[in-house]
1. Please order 46, 149, 188 by the number of other Cβ within 10 Å, starting at the fewest.
2. For the stretch 50-127, with the dipole built from +1 on Lys and Arg beta-carbon atoms and -1 on Asp and Glu ones, taken about the Cα centre, which of 93, 124, 69 lies farthest toward the positive end?
3. Which value results for Rg/Rh of the stretch 1-51 when Rg is the Cα radius of gyration and Rh the Kirkwood radius based on the inverse mean 1/r?
4. In percent, what relative contact order does the chain have, based on Cα pairs under 8 Å that are 6 or more apart in sequence?
5. Share of Cα-Cα pairs in the stretch 2-187 beyond 26 Å, in percent?
6. Please list the radius of gyration and Dmax for the stretch 50-133, considering alpha-carbon atoms only, with Å as the unit.
7. Using the structure shown, list the pairs from 19/165; 142/267; 121/181; 181/202; 192/276; 27/202 with a Cα-Cα distance above 27 Å, or answer none.
8. Please report, in Å, the Rg and the Dmax of the stretch 76-175, where both are computed over Cα atoms only.
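The numbers here are math on the coordinates, done by the rules we state, and not lab data. Predicted model, so just to flag it, every value in this text is computed and none were measured. Neighbour counts are summed over all protein chains in view; Cβ atoms, including those assigned to glycine, are modelled from backbone coordinates with ideal geometry.
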Amino acid sequence: MKIFITSNENQLIGAKVAKNCIVRRSKYSEEDVQIILESSVPQLSHLFSKPYLRKGRMMTFDKNDMQSFTLLRFYIPELMSYQGRALVMDPDIFLIRDGLEQLEKFNFDSSPIYARKGLQKNSWGSSVLLLSCNSLKHWSLKSFIEGLHQGHIDYDDLINLRLEKSVAPLETKWNEFDDIKQDTVLLHTTEKLTQPWRTGLKLNSSISPLFKFIPRAPIYKIFGRDLTIGREHPNPEISKFFFSELSNCVEDNIISIDEIDSAIENKFLRQDLKDKLKSF
């Protein structure tokens, strides 16, 4: 099984932490785990600053959006020459405990795709995908991008796997949203406003409107909730876990202080991050 972490420059520090968590806690080596950056996949640039269909309306694809890498999930079978088994993850997902090798025993009799059920009706959480690449020859990043740009494919349907004939369910422990439970294997810090490394930063990502057309942020601000500025994670254990893992990466020269300084300057990391690291 090959493991892929998809990312952009905005989320690269998180991706490196995620990779190190896997290498430190499982049987998989550095060669088994690959970070795929959007900048390394030229096809994706064909959508930058161009219109695409999302939730029923045409929007402009923002290269600077912190989630601009998400379409890379659909590139992995092609990258694998449509052969073998792949685990695909977002850069904000971290291995809490060993157990990934269990995924090698999952069969694909009912579907070539495993994902956890989403929070919305008829949706799947595609941020963690276990794929049988042999059976996904219809996944073509170029075709998906053309369909999005021409308005034939809705991003919301694509990312929630509604276009697939079948999806097999993953237990939530393989993609646990902002919680660490007794059986959690992969922790997903999915709430963009409370990711531990983004406290105090302006959110550079789209916020889904209410009822598809009412702007959400101004309404929430009336009631004292700012949906544009990152805040501390409500679970201190999750913040502690992340900063401890980041500290390990710095100590082992996986992430340099220069990289951290650059990410802070570019507002990819919270401004007081180096002070946070002093506690670990």
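1. Ascending Cβ contact count within 10 Å gives the list 46, 149, 188.
2. Positive-end residue among those listed: 124.
3. 1.09
4. 19
5. 27
6. 15.0, 42
7. Violating the 27 Å limit, Cα to Cα: 19/165; 142/267; 181/202; 27/202.
8. Gyration radius and largest Cα-Cα distance of the stretch 76-175: 13.7, 43 Å.
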